[in-house]
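Values quoted throughout were computed directly from the atomic coordinates according to the rules given, and no laboratory measurement underlies them. Quick caveat: nothing in here was measured; it's all calculated off a predicted structure. No Cβ is skipped: glycine too gets one built from the backbone with ideal geometry, and neighbour counts run over all protein chains shown.
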Amino acid sequence: MRFLTKEVKIALTAIVAVVLLFIGINFLKGINIFKSSNTYYVEFSNIDGLAVSNAVYANGYPVGIVRAIDYDYSRTDKVVVTVELDKKMRVPRGTHAELASQLMGGVNMSLVLGPNPADILEPGATLSGRPAEGMMTKLEDALPEVLAMLPKIDSIMTNLSRLTADPAIAEMLRNTAGLTASLSRSAAGLETLMSHEVKPMLASLGHTAAHAEKLMGGLAATDVEATMASLQQTLHNAEIVTDNLGRTAASLNGKLESRDNSLGLLLNDRQLYDGLNGTVASADSLLTDIKARPKRYVHFSVFGKKDK
């Protein structure tokens, strides 16, 4: 064919190469040019490193990509991000976008869907964007406070180093180790005591409690009223005996003090006492003289009685 000249073939090859290059570049960016999509706009005050072709997520699922990022020179506090979402994606009214920083770098955009899925925004609508209140945001907010605390931490570490270098601390640690070992030995001794002595003692207490229970049962079965009546009668008899003994003692004491009987006269007559005392003295003198001069009172003769 005369139409397919060499120049035409070269031109067609170049066009196909450009198309393939365009498709390949978009494919590497994650853009499927053969898939229909809807365009929305999101306004941020700070995109925190968001880049074109970054994925857009809804409930953790990728539903689109970032197509373009434009700075609003008329309002220096706004950055407009153009996103393309899957055509099947329905964006409820009240939806906003959040940017979350990743630990390994990069920024992800997530759509926080509105509450009413029946009230849908039309393509081309503008959404509000804000930073996500995630861990990285909290760390960034806390960073000034951490920086302010660093001098204090350094001072504390210096004091700790000085304190740990004190020989008294080492001595205290050694004493603590010795105390710990002593406590371990005491615990082992206590365990031995509990197993070898306390358990038998508890068993003995159990037997004692059983015997006491039996004794209480026997006491409960005893006729307590009859026993108390017998005890009261015994006490009454003892009281009567005590009274009789008291009267007898009083009578005996009266007779001993009276002079109308022999025992009373014997105990209360002074003359009788003096006579008896004199008789005893005379008898003692006589016995003394007999011992000193026995021949005066006793005579012995071998040949019979001598006539006087």
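Positive contributions from Lys and Arg (+1) and negative ones from Asp and Glu (-1), summed over other residues with Cβ under 15 Å from the Cβ of residue 57, come out at -3.
Assuming R0 = 45 Å, what is the FRET efficiency of residue 87 and residue 152, from their Cβ-Cβ distance, to the nearest 0.05?
About 0.20, to the nearest 0.05.
Determine, from the Cβ-Cβ distance of residue 279 and residue 250 and an R0 of 22 Å, the FRET efficiency 1/(1 + (r/R0)^6), rounded to the nearest 0.05.
It comes out at approximately 0.05.
Just need log10 I(q)/I(0) for the stretch 106-205 at q = 0.18, 0.20, 0.25 Å⁻¹, Debye formula, equal scatterers on the alpha-carbon atoms, no solvent, rounded to two decimals. These q points yield log10 I(q)/I(0) values of -1.02, -1.08, -1.24. Here the simple spin-label model places points 7 Å from the Cα toward Cβ, and for residue 177 and residue 96 these points are separated by 6.0 nm. Distance between the modelled labels on residue 193 and residue 142, one decimal in nanometres: 4.9 nm (7 Å Cα→Cβ projection). Stretching residue 228 away from residue 13 to a fully extended chain increases their span by 64.1 nm, per 0.36 nm per residue minus the current alpha-carbon distance.
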